[in-house]
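Here is the structure we will look at.
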Amino acid sequence: MPESAEEVVTLLRAWGQGDQGALDRLVPLVYAELRRLARGYMSRERPEHTLQTTALINEVFLRLLGADLPWKDRAHFLGIAARLMRRILVDHARSRGFQKRGGAIRHIEIEEGLAVPPSVDLDLLALDRALEKLKTIDERKAQVVELRFFGGLTVDETAEALGISSDTVKRDWALAKLWLRRELGGETLE
């Protein structure tokens, strides 16, 4: 956990304005959290996945290099990093052609406390398509799923990142899980 959230925001803003030294000071402050996010993503990937945790984190930083974002706070940074990690993994899966081969996709088991139903396996591309569809219907619910499931953020961290209450996150999370379960062909919740 960084020494202070304000320090992270200050460094993010300085980095966004081209201060390379700010990046050097920022990385040690956020690396552990980014590694936790990346490990969460990678744990849901097939064992023979060619992208490593460190490479995923490095790719996030590379994609952030050219981004001129108005950083709000640490949670905003982590939310964007989580979204980028998801995009990177989906792009990687698409480039490897796993969707065409079908059986080569390792299915992701979504943990009970985290997602749709605990007994349903999902592949990353199907989940990505479902989230894109949900985003057209209710963008905030899609963001909640992205941050909670892919980003591994807690209810409170998700609320902070989105600027909403924890109760709203809980409601959006519950409704999004039901919607995703239906969309992905799962049975109804009991």
Practice problem: Pop out the ³J(HN,Hα) list for the stretch 34-39 in order, Karplus 6.51 cos²θ - 1.76 cosθ + 1.60 with θ = phi - 60°, rounded to Hz; leave Gly and Pro as x. | Solution: 5, 5, 4, 4, 5, 4
Quiz item: Fewest to most neighbouring Cβ within 10 Å: what's the order for Leu34, Leu62?
Solution: Leu62, Leu34
Exercise. Just rank Phe149, Phe61, fewest to most, by other beta-carbon atoms within 10 angstrom.
Key: Phe61, Phe149
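FYI, it's all coordinate maths here, none of it is from the lab. Since we're looking at a predicted model, the values are computed, not measured. Cβ: placed from backbone, ideal geometry, glycine included. Neighbour counts: every protein chain shown.
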